[in-house]
Amino acid sequence: MGPWYRFFSLLGVFVGCLVSCKKDNQDSVASRQLVGVWVDVDHVSDTLVFYKGDHGVLMFDNSMSFRSHPDPEAVRVAYTWQVNLSEDGIRIAPTDPGFEIELSGSTAHPFTWLEEGKKFELPGIAFRYWMSCNNCLVRYQKIR
């Protein structure tokens, strides 16, 4: 094994580290601050569960709407969302490829930390498309 083999081996390891670190940094804010269980401050029976998925951060809307469905497991994927939190807001897109309703997953919705890492607010319509109030803000508090 010559010097070129070692050089390209080290180069491969270096590039691999850079690529993996870049992906970690992209999800770092959402992973560190959103991952966990959050309760709706005004409707304590509604919770959001953020967790790390294969392709980033996912959010499960464990709301009364989900739990009161006659067959909740059949609609679970419709209550699971891909989440991307950035400086310009939060993007929430359905994970169900057959989801007929076009949501603005490419549009950032306002997201405000009320207490960073502990409490936030966002428009309910960001992922609850059935809400009739476009300007209603929903507040969540982290419980674990």
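Of the residues that sit in region 57-99 and are surrounded by 14 or more Cβ atoms within 10 Å (Cβ to Cβ) and small (Gly, Ala, Ser), which one is farthest from GLN33 (Cα to Cα)? So, considering only residues that are surrounded by 14 or more Cβ atoms within 10 Å (Cβ to Cβ) and small (Gly, Ala, Ser), the one farthest from GLN33 (Cα to Cα) is SER65. Note on region 39-56: residues that are farther than 24 Å from LEU137 by Cα, outside any loop (DSSP other than H, G, I, E, B) and either of a type in the set (S, T, N, Q) or open to solvent by 80 Å² or more (accessible area, probe 1.4 Å) (or both) amount to 1.
The values are calculated or read from the model by the stated rules, or taken from the named source; none is laboratory data. As the structure is a prediction and not an experimental result, all values here were calculated from the model. A quick note on method: Cβ atoms are made from the backbone with ideal geometry, for glycine too, and the neighbour counts reach across all protein chains shown. These area figures cover heavy atoms from the full protein model, side chains too; ligands, DNA and RNA do not enter into them. Shrake-Rupley method; radii C 1.70, N 1.55, O 1.52, S 1.80 Å.
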